[in-house]
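The values are calculated or read from the model by the stated rules, or taken from the named source; none is laboratory data. Computed from a prediction, not measured in an experiment: that's the story for all the values here. Cβ placement follows ideal geometry from the backbone for every residue including glycine, while neighbour counts extend to all protein chains displayed. Remember, those area values only see protein heavy atoms, side chains included, never the ligands or the DNA or RNA. Shrake-Rupley method; radii C 1.70, N 1.55, O 1.52, S 1.80 Å.
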Amino acid sequence: MPTMVKDKPRTGCINPIFNCQPCGAQFASIGIKDCIALVHGGQGCCTFVRLMFAQHFKENFDIASSSLHEDAAVFGGTKRVIDGVKNLALRYPNLKVIPIITTCSTETIGDDIEACIVELDAWLQEEMPERDLKVIPIHTPSYKGSQAAGYNIAMEQLVKSLATLGEPSKKVNVFTGWVNPGDVRQLKHIFLEMGIPANFLMDTETFDSGIMPDKSSFAEGGTTIEDLTNSANAFASVAPYAYEGGLAAKYLESKFKVPSLVGTIPIGIEGTDKFLKQLSDLTGRRIPRTLVEERARAIDSIVDLGHMFLADKRVAIYGDPDLVIGLADFCIECGMKPVLLLLGDDVKAYKKDTRIQALSEKAEDDAIEVISNADLWELESRLKEGMELDLILGHSKGRFIAIDYQIPMVRVGFPVFDRAGLWKETVMGYKGAEFLANSMANAFFADMEYKKDREWILNVW
Ligand code: SF4
C-alpha cells in the first residue's frame, strides 16, 4: 500500500518545524550577489530571520526592513517602502537588485507594492539614470505555506522578473533548493565531474566564507544578476528539491521552452544513481569513473555499518519536504525504519507526491506515518504515548526532545546551531550518503557509551 499523508489531528501549532514564507524569500535573496532585500513588515520579520541565518552559518548577512509601526497598520506602509528602497539605492552604489518581500501584516493591509515599484523606477530613472537597479516584488503572505513555499515563490518571482531571452547557452540551470554550502559544493563537484556547465541558482557556497589575509570576511551570495537573466537561455533546468525551486524551473519550461528535471533528490545511493543517470540522459555525458569510485566508497561504508548498527533502527525525520523524503529513502536503503515523517506545513501536493507514496513499497512491510502541517509537539506527544525511537533526524529546534527522551539525534536541515561546522558538510551525492551513514552510526556509538549499552561492541567490530 502506498504511504499516505495525513494531517495533524489537531488545530494550532506547538513548537513549529518551519518559519514563515518571508524567511524563505530572504534565504533566496541572500543567494544573489549585489542584492539586499527589503522586508516590508515589522522589524522582527527580518531581525529574527537574519539572526537564524547568522546562527546557522556563523556569518553576517545584509537584509533591510521597512520597519513598520502602528500607524502603518492603519494608514498603510508604502511610504516606508519608497523611503527604504531610496535609502538602499543611495547608500549602496553597487547594489543591483532589491527584492521587496512582503509579510503577513503588509499583505493584510494590502499595500500596493507594484505601484511603489512604478514610482521607484521613475525615481531611479531620474536620479540615477546610469544605474541598472532592479526592484522586484515578492509576495509572501506568511499565514499560508512556510519557509519552503516562500523560497519557492521567491525563486519563481526572481526568474520571472529577470530571465530574458538571448543567445542559447550550453549551461544547465541548477535550482539548488534550500541547502547548505557543502551541498552546493557537492552539486558543483557532480556537474564538474560530469563535464556539464552549470548555472547555480542560488550559489550559496560562498556562505562558507573564510577570513582572507587582509582580515576581510563577508558572506554574500554568488549568483549574479546575469546568471538569473541567462536562465532563460539554458540548455535545461534541474531542480532536485521540487518544493524549493521547482516553480522556477517549470516557469522557464513553459515560458522559454527550457526542459526541466524536477524532484530527483540526489540523497542516498539510489537517489544519486537516478540523478546522475538523468543528467547523463539529458546531456549525453557519461558518468565518470571518479563518481563511480565515490559510489563504491559510500557503499563500502554503508556495508560496514548497516548490518551491525543501522539495520532496523526506528527513525523520526522532520524538516523541509524534499530533504525529509530523501532522508527517508536513504534510511530505508540502509535497512532502517523511518516510522514517522513530519512535514511542517499543509501543502496539498504532499498528498499526491509519488515520491512519498513510493516509500512504503521500498520499506516493504514497515509502516511509515507521514504527517503534514506537523509541529514538534506531534513528535513529543508520540514519545509520551510510548512510541519507540532509536534516532531523530532534524534541525536544532528539536534538540530538547532528543535530550529529554535521550534519543540520539543527527542534525540535518535548517537551522542547525548546536553543532559545529555542519553547514560545510553535504547530505547530497555519494559523499553525502557516506557522511550521513557515518554520522548516524557515530550518534549510536556515543549513545551506547553514554548509556553503557553494549558499548564493548565498539572494541571489537
Ligand atoms: S509570521 Fe508574520 S509577523 Fe511573524 S515573522 Fe513572519 S511575516 Fe513577520
Exercise for review: Any chance you could give the angle, 0 to 90 degrees and rounded to 10, that helix 268-283 forms with the longest Cα principal axis of the chain?
Suggested key: 50 degrees
Study note, to complete from the structure: Given Cβ charges of +1 for Lys and Arg and -1 for Asp and Glu, the option among N60, G41, P22 whose Cα lies farthest towards the positive end of the dipole of segment 21-150 is N60
**Study point:** Nearest 10 degrees, 0 to 90: helix 78-91 Cα axis against the chain principal axis
**Key:** 90 degrees
Exercise for review: Please compute the net charge surrounding V97, taking Lys and Arg as +1 and Asp and Glu as -1 over other residues with Cβ under 11 Å from its Cβ.
Suggested key: +1
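Place the peptides 340-349, 313-322 in order of packing, highest mean first, counting for every residue the other Cβ atoms within 10 Å and averaging per peptide.
Working: 340-349: 21.1, 313-322: 24.9.
Highest mean packing first, the order is 313-322, 340-349.
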Review point. Which entries of K8/K352; K33/K171; K144/K348; K250/K362; K188/K352; K8/K250 show an alpha-carbon separation above 21 angstrom in the structure shown?
Key: K250/K362; K188/K352; K8/K250
Check your understanding: Tell me, what HN-Hα J-couplings in whole Hz come from the Karplus equation 6.51 cos²θ - 1.76 cosθ + 1.60 at θ = phi - 60° for each residue of segment 59-67, using x for Gly and Pro?
Key -> 9, 9, 9, 8, 9, 9, 10, 7, 6
**Study point:** Stretch gain in nm, segment D300-L192, where the contour uses 0.36 nm per residue and the Cα spacing is subtracted
**Key:** 36.5 nm
Practice item. Would you tally the net charge around R419, using a Cβ to Cβ cut-off of less than 12 Å, leaving R419 out, and scoring K and R as +1, D and E as -1? Key: +2
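Dipole of segment 308-405, Cα-centred, from +1 at each Lys and Arg C-beta and -1 at each Asp and Glu C-beta, to the nearest 20 debye? It would help to have the intermediate numbers written out before the result.
Details: 12 positive and 20 negative charges, 32 e Å.
Taking the Cα centre of segment 308-405 as origin, the dipole is about 160 debye.
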Point to revise | For K134, residues with placed amide H under 5 Å, excluding near neighbours | key: V97, I98
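Hey, can you find the accessible area per residue of the chain for me, probe 1.4 Å, expressed in square angstrom?
Here the residues of the chain average 44 Å² of exposed surface.
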Study note, to complete from the structure: Among G195, M212, P93, the residue whose Cα sits farthest towards the positive end of the charge dipole of the chain, when +1 is placed on the Cβ of each Lys and Arg and -1 on the Cβ of each Asp and Glu, is G195
Exercise for review: Assuming a ≥ b ≥ c are the square roots of the Cα gyration tensor eigenvalues, decide whether segment 120-181 counts as rounded (a/c under 1.5), prolate (otherwise, with a/b larger than b/c) or oblate.
Suggested key: oblate
Point to revise | Distant-in-sequence amide H partners of D7 (H built 1.01 Å from N, under 5 Å) | key: S372
Study note, to complete from the structure: With x for Gly and Pro, the residue-by-residue ³J(HN,Hα) of segment 145-153, computed from phi through the Karplus equation 6.51 cos²θ - 1.76 cosθ + 1.60 at θ = phi - 60° and given in whole Hz, is x, 7, 4, 5, 5, x, 5, 4, 5
Exercise for review: Can you tell me which of 221-227, 138-144, 400-406 comes out highest on packing, and rank the rest after it, using the mean Cβ neighbours within 10 Å?
Suggested key: 138-144, 221-227, 400-406
Review point. Dimensions of the chain along principal axes (Cα, Å, largest first)?
Key: 75, 52, 51
Practice item. Quick one: divide the alpha-carbon radius of gyration of segment 172-283 by 2.2 N^0.38 Å and tell me what you get. Key: 1.10
Exercise for review: Starting from the amide H of V238, placed 1.01 Å from N in the peptide plane, find each other amide H under 5 Å away whose residue is 5 or more places distant or on another chain.
Suggested key: N173, V174, F175, L261
Exercise for review: Just the number, please: carbon plus sulfur as a percent of the accessible area of segment 172-283, 1.4 Å probe, no ligands or DNA/RNA counted.
Suggested key: 56 percent
Check your understanding: For Y405 and D112, FRET efficiency with R0 = 56 Å and r from the beta-carbon atoms, rounded to 0.05?
Key -> 0.70
**Study point:** Mean ellipticity per residue at 222 nm, deg cm²/dmol - from DSSP H runs of n ≥ 4 across the chain, formula -39500 (n - 2.57)
**Key:** -14000 deg cm²/dmol
Check your understanding: Under unit Cβ charges (Lys, Arg +1; Asp, Glu -1), what dipole magnitude, rounded to 20 debye, does the chain have relative to its Cα centre?
Key -> 440 debye
Check your understanding: What percent of all Cα-Cα pairs in segment 281-389 falls in each 10 Å bin, counting up from 0?
Key -> 13, 36, 31, 16, 3, 0
